[in-house]
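Every read-out reported here was derived from the displayed coordinates using simple, explicitly stated rules and does not represent laboratory data. This one's a predicted model, so the numbers in the text were calculated from it and none came from an experiment.
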Amino acid sequence: MKKNGHTASGPRQYGPPAVPYRPSPGMPPGLNVAGLRELAAPSGPSPPLPALPARPAFHLLVAVRAGTLSCSLDFTEYTAGPGDWLWIRPGQVLDSMEVAPDGDGTALIFPAGFLGEVAHRAIREAEHAPSRLVAPGAPRQETLLRLLDALVEEYGDLPGLALESYVETLRSLLSVIVMRLAHLVGPGGQGRSGTDELFDRFRRAVEEDFTRTHRLESYAARLGYSPRTLTRATRQALGCGAKQYIDDRVLLEAKRLLIYTSLPQSTIGKRVGFTHPTAFSAFFRHRTGMTPTEFRTLTRA
């Protein structure tokens, strides 16, 4: 699937469309299973990704069995090979996707609410992983593919079980896969520490408020901890400081708006929390080495 975000009249006014979860025709809601080529070259009445760029409102979990899958996800390039898994989370912007001629694999598409609380907690704990590419070692790779084979087989046997049992079987198998993958990128199976939980709270607070405040002290006061404690928790989770995490989130949204909308620079600055255009421009130049205008021009060239 080629990049398909800019038209002759310029980029979409409101950025990449949010793509809602839609059940496959004739299947109960909760989980869609698609081939890698079907995902990368959608056809039929209800493709999971009608066009790119897009912002899926669901989890897209892709297992590559042969060849390679290359994609651009939130300005990061990924190449997944045999045995690798690519985990695209709700709200991320998928800009492009290419499958090698010999590429083969399976895509699992499911809304955030499909899995139970334990699996959902595992997902939450792994959300801060810096990479969306999971590369299991050989033994775990084989286990995951066996689980995937079982899930695909059960998915294709809708008439074989009562509907409630069918959905619960899919949910159970998918939960095992998700928890195994989350374990590979999460806190290593040692249980959550207070620092891990604090970073989760900080991350959620930033997601809610980064368009209103960029001050670490504001988040520290809201959560009842010192800035130093938030920095320690963030450094343990990601290897960077808490203020850098806030700025990275602001920068990501600014880039999305610069590339995928035609909004003026001043409006974009306000949307990501800057009162004055000069402050936004200075922030952007400091973080990227170019002005917002230069970045927009370069990325559209």
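Below are the figures for this structure:
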item: For region 191-249 and region 91-108, distance of Cα centres in Å; result: 32
item: Karplus-derived 3J(HN,Hα), 6.51/-1.76/1.60, for each residue of region 201-211, Hz, glycine and proline x; result: 5, 5, 4, 5, 5, 4, 4, 6, 10, 5, 7
item: For region 102-109, Karplus couplings with θ = phi - 60° (6.51, -1.76, 1.60), whole Hz, Gly/Pro x; result: 9, x, 8, x, 9, 10, 10, 10
item: Antiparallel content of DSSP bridges confined to region 6-185, in %, to 5; result: 95
item: Rounded, prolate or oblate (a/c below 1.5 giving rounded, otherwise prolate when a/b exceeds b/c) for the chain by Cα gyration tensor; result: oblate
item: Vicinal HN-Hα couplings computed from phi for region 240-251 (Karplus, 6.51 cos²θ - 1.76 cosθ + 1.60; Hz; Gly/Pro x); result: 10, x, 5, 5, 5, 4, 4, 5, 4, 5, 4, 5
item: DSSP-defined antiparallel bridges as percent of all bridges, the chain, nearest 5; result: 95
